[in-house]
Amino acid sequence: MSDHITQFKPIKKQQPPKKQPMKKQYLLLSFIALALSACNQAPLVIKLSQEKLQKTIDKKFPYKKSALVAKIELTDPKLTLKNDQLLIDVSFNGSALTKSIEGQLNASGEVTYRPDKKAFYLKGFHIRRVDLANITGQQKDRVVNLLDKALNAYLTSFPVYRLKKTKYTQNLARMLLKDVKTEEGQLVVKLGF
């Protein structure tokens, strides 16, 4: 018999899969906690005085609009915040349906927030009252309809307030409009997640 030694190679044990380092797990948990705490923060509250809104609107008037059947100039806007409504009185003059027109109108509307523009705009204005002496009946209805379209289109075309880029809390405010109301002659706007 010969001395024959067989060598066996040791069997390598398979390594269990590596666990994620604890740093990554802590980072993920921290990010989740931060996101949850941001959702639970109090809403951003912005108070806009009637005077500030009036100054913004004053800069945009007078407004002139010409169409095939009418030429209208809107002047002297007077803004009022009352009972959670935005009211505006506007003087107008021009010509419509071959007649000269002149008078006053009162309209109501509201404020909306556009996150893409980071700004507040007026919207949904509807004429509540028109004082127009020299036109009556169906012609008056047409003129009121024309005034309503012109006023609404114009008032919704420009922002009345922009969020400031330099303020951290306002930069965070790419949020949704939660509430708009009036308090003590100010427009109070709440934004939140």
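The values are calculated or read from the model by the stated rules, or taken from the named source; none is laboratory data. This structure is a prediction, so every number in the text was calculated from the model and none was measured. Glycine gets a Cβ as well: all are built from the backbone with ideal geometry, and neighbour counts include every protein chain shown. The area values use the complete protein model at the heavy-atom level, side chains included, leaving out ligands, DNA and RNA. Shrake-Rupley method; radii C 1.70, N 1.55, O 1.52, S 1.80 Å.
Okay, residues lined up against (1) modelled with pLDDT of 90 or more; (2) of a type in the set (Ser, Thr, Tyr):
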site	(1), (2)
51	yes, no
64	yes, no
68	no, no
75	yes, yes
79	yes, no
84	no, no
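Sort out which residues of segment 128-144 are part of a strand (DSSP E or B) and open to solvent by 60 Å² or more (accessible area, probe 1.4 Å), and write them in order of number. Across segment 128-144, the qualifying residues are 128, 129, 131.
Residues in segment 145-166 that are part of a helix (DSSP H, G or I) and surrounded by fewer than 16 Cβ atoms within 10 Å (Cβ to Cβ): 145, 149, 153. Residues considered: 185, 124, 109. Of these, the only one that is at pLDDT below 80 and either open to solvent by 50 Å² or more (accessible area, probe 1.4 Å) or among the small types (Gly, Ala, Ser) (or both) is 185.
Assessment of segment 91-103 against the conditions (touching a residue at least 12 places away in the same chain (Cβ under 8 Å), in a loop (DSSP other than H, G, I, E, B) and open to solvent by less than 80 Å² (accessible area, probe 1.4 Å)) yields at least one matching residue. For segment 41-79, a residue qualifies if it is open to solvent by less than 50 Å² (accessible area, probe 1.4 Å) and either among the basic types (Lys, Arg) or part of a strand (DSSP E or B) (or both), and the qualifying residues are 44, 46, 48, 49, 63, 70, 72, 73, 74, 75, 77, 79.
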